[in-house]
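Comments concern the structure below.
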């Protein structure tokens, strides 16, 4: 089977994003937010049937690890209660989609982060999503300020309360930033990629995984700039007197395949061990168009991976086994899938 | 001949960096800086003979486009006079090295930037370096705050006074950040690469080169994450309704070859037109070690380029002709070289 580790609910019903706008306006005006609107199962079905599910069918993807729209997490906006309420609404909506299509989606939650608020305050929502909603992982924003990078590095002990809960629950985090308010950056064009590179370098510099050997991170968008500069990172590891990447970082860090052309995917698989690569497409997501050079969607990453001509064993790793190893709670999700199919 | 477009004076005499420390301490203490120390020609020769010049000889590099140490530009520190004095000292030292070895170096200046100070105030130093010291280009820091990204995008009109002077003087800028004070980032491991990616995306989003068709930028470190994600950038260009990269960006933007492994160089040449690639090594620089997999220095990028098996015409472009086109004032520098050799 084929598992896509990186899908966002970018097509949520307009009532959902409309409520966010109302919530933001209310916060700005100092009023309480309006009640969250009723969204029917029909609305939810309509929001995925002809987009996410159709594309999955067309591309032969069986299961998508599905999380709220990353750019809309908006951790920079408002305050802790605003972020918490929006996060619960987003996660609940993903949970409903998963329950409608248990064979096709597994849930990953966003966290109710806010710049300056201790990450320990996000643990309650992580537990709720994993233990009550059956989610298999979370998205962790290393820069809830929205492009101002005011939080300590991911290796700082202030993040450990979340990590300890992740290890206990046996769920990984995808390191994923959200929208930017800093005009230097474009969310999907530079901020996302910068965050991936930044996170990897932070992990290279410290002993986080010695402290927490059970912690696992997925760095999306093919690892940002890292595989392209793999020699630079190997050289810096050496210069900084750090243990080799293969020992100190790569047992715990995984890249997805959200790289939207064949040469990029070729390079990724050429330099990164196949055990560290999870199939992902980020669809329906950052780049929605069709590449005039190929006639196919830029984000139809399965085509690039298929074109590698991997051995059956490696293919199985990239498309399924690595995802099940990194997200062990997928086993339960897959059991639901079988039950649904029976 | 072989021109390396990206070399920094990272081995400057200790008295030079010692003065910077004294200048910083004086500023912090509210005292005037001590006088700049005497540095002899012998000190300067000793600082490059067994490092930069030896490595150039060993690697068959004829001429290095040589600028002050990037991480030491330190635009974030102090105030405008501090940055201006340090910048003049750095540029003067590079000019002395160039005059000692006119056949081997061509000067590129750092600019006396400070966060919040209008870039127009840097034009005097640019003119001095180009018109009086014979420099061929400048390094432009898109983030003089040192990792807090408080400046407007490079496409903002506030940068235009510098650009107009660059066009008039017919010199390009390498977009190059400096040290970071933001603990999220590692200078050479993430900040440099992020800045490259950020700058490219800014250029993609706006019409800077329509306003200033004679403006040229070199984006170092192989273009950051850009070539690896070339499909993403092509797709975003389309999604944002921007003109094709080949029309609106690439006539004015060039990448160097500071990518420290063969697969990265292969990808760079696979996706970026050879007319847009300038040979560079960033040596003696970010990564000084030897790759145990090859037995050669990570930053010996000539080996990777040679291994591509380019046609003689393409080889000539990458090693010489593109650099002379982007830095037309190199012609004068090369004339000096011939005079020196005669």
ask   = Any idea what the residue B:50 label distances to the other copies are, label 7 Å down the Cα→Cβ vector, nm, shortest first?
value = 7.4
query = Bin by bin, in steps of 5 Å, what percent of the Cα pairs in the range B:38-81 do you find, going until the bin that has the longest distance?
reply = 5, 16, 17, 21, 17, 12, 8, 4, 1
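Note the direction-averaged projected area, equal to a quarter of the hull surface, for the Cα convex hull of chain A, in nm². Let's see the in-between values first.
Numbers: hull surface 68.1 nm².
Its Cα hull, projected and averaged over all orientations, spans 17.0 nm².
Please label the shape of the range B:262-342 as rounded, prolate or oblate, based on the square roots a ≥ b ≥ c of the eigenvalues of the alpha-carbon gyration tensor (a/c under 1.5 means rounded; beyond that, a/b larger than b/c means prolate, else oblate).
Details: a/c = 2.26, a/b = 1.40, b/c = 1.61.
Oblate is the answer for the range B:262-342, as a/c is 1.5 or above yet b/c matches or exceeds a/b.
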inquiry  = Quick check: pseudo-label points 7 Å beyond the Cα along Cα→Cβ at residue B:303 and residue B:15, how many nm apart are they?
reply    = 3.7 nm
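Which whole-number percent is the relative contact order of chain B (Cα, under 8 Å, 6+ apart)? The partial results should precede the final answer.
Numbers: 597 pairs, mean separation 62.2, N = 342.
It comes to 18 percent, rounded to a whole number.
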request  = Provide the packing ranking of B:242-251, A:135-144, A:250-259, i.e. peptides ordered by the mean count of other C-beta atoms within 10 Å per residue, highest first.
outcome  = A:135-144, A:250-259, B:242-251
task = Over the whole of A:287-300, what's the average partner chain Cβ count within 10 Å per residue? Rounded to a whole number, please.
result = 3
request  = Round to a whole angstrom and tell me the spacing of the C-alpha centers of the range B:137-210 and the range B:243-300.
outcome  = 18 Å
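Computed FRET efficiency, Cβ-Cβ of residue B:57 and residue A:274, R0 35 Å: what is it to the nearest 0.05?
Working: r = 41 Å, r/R0 = 1.17.
According to the calculation, E is roughly 0.30.
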request  = Would you tell me the mean number of C-beta atoms belonging to other protein chains that fall within 10 Å of each C-beta in B:266-272, as a whole number?
outcome  = 4
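Rounded, prolate or oblate for the range B:204-342? Axes are the square roots of the Cα gyration tensor eigenvalues, ordered a ≥ b ≥ c, and the cut-off for rounded is a/c under 1.5.
Details: a/c = 2.11, a/b = 1.21, b/c = 1.74.
In terms of gyration-tensor shape, oblate.
Relative to the compact-globule scaling 2.2 N^0.38 Å, provide the ratio for the alpha-carbon radius of gyration of the protein assembly as shown. Provide the component values of the computation, followed by the final result.
On the way: Rg = 25.8 Å, N = 684, 2.2 N^0.38 = 26.3 Å.
With N residues counted in the protein assembly as shown, Rg over 2.2 N^0.38 Å equals 0.98.
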query = If you count, for every residue in A:256-263, the Cβ atoms of partner chains within 10 Å of its Cβ, what is the mean?
reply = 5
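Given a Förster distance of 51 angstrom, what is the FRET efficiency for residue A:212 paired with residue B:339, based on the Cβ-Cβ distance and rounded to 0.05?
Numbers: r = 63 Å, r/R0 = 1.24.
Approximately 0.20, to the nearest 0.05.
What number, in percent, do you get for the relative contact order of the range B:108-234 if the mean sequence gap of Cα pairs under 8 Å and at least 6 apart is divided by its residue count? Numbers along the way, then the final one.
On the way: 187 pairs, mean separation 30.5, N = 127.
So the answer I get is 24 percent.
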task = With label points built 7 Å along Cα→Cβ from the Cα atoms of residue B:158 and residue A:150, find their separation and express it in nm.
result = 1.9 nm
note = Calculated from DSSP helices alone, with each H run of at least 4 adding -39500 (n - 2.57) and the total divided by the residues of the protein assembly as shown, [θ]222 nm to the nearest 500 comes to -11500 deg cm²/dmol
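Using the beta-carbon distance between residue B:316 and residue B:117 and R0 = 51 Å, what value does 1/(1 + (r/R0)^6) give for FRET efficiency, to the nearest 0.05? Intermediate results must be reported in sequence, preceding the final value.
Numbers: r = 41 Å, r/R0 = 0.81.
Once rounded, the FRET efficiency stands at 0.80.
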message = What distance in nm lies between label points placed 7 Å from Cα along the C-beta direction at residue A:96 and residue B:133?
response = 6.4 nm
query = Could you give, in nm with one decimal, how far residue A:22 is from each other copy of that position, shortest first, with labels 7 Å out from Cα toward Cβ?
reply = 6.9
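Indicate the gyration tensor shape class of the range A:144-283 (rounded, prolate or oblate), computed on the Cα atoms with a ≥ b ≥ c the square roots of the eigenvalues: a/c under 1.5 is rounded; otherwise a/b larger than b/c is prolate and the rest oblate.
The shape class here is rounded.
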task = Please report the relative contact order for the range A:54-180, taking Cα pairs under 8 Å with a sequence separation of at least 6, and give it as a percent rounded to a whole number.
result = 28 percent
message = Could you order the peptides B:205-217, B:329-341, A:84-96, A:193-205 from most to least packed, using the average number of other C-beta atoms within 10 Å per residue?
response = A:193-205, A:84-96, B:205-217, B:329-341
message = Measuring nothing but label to label, 7 Å from Cα along Cα→Cβ, what are residue B:274's distances to the other copies in nm, shortest first?
response = 3.4
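Readers should treat all values here as calculations from the given coordinates under stated rules, not as data from a laboratory. Fair warning: this is a prediction, and the values are worked out from it, not measured in the lab. Using ideal geometry, Cβ is built from the backbone for each residue, glycine included, and neighbour counts are taken over all protein chains shown.
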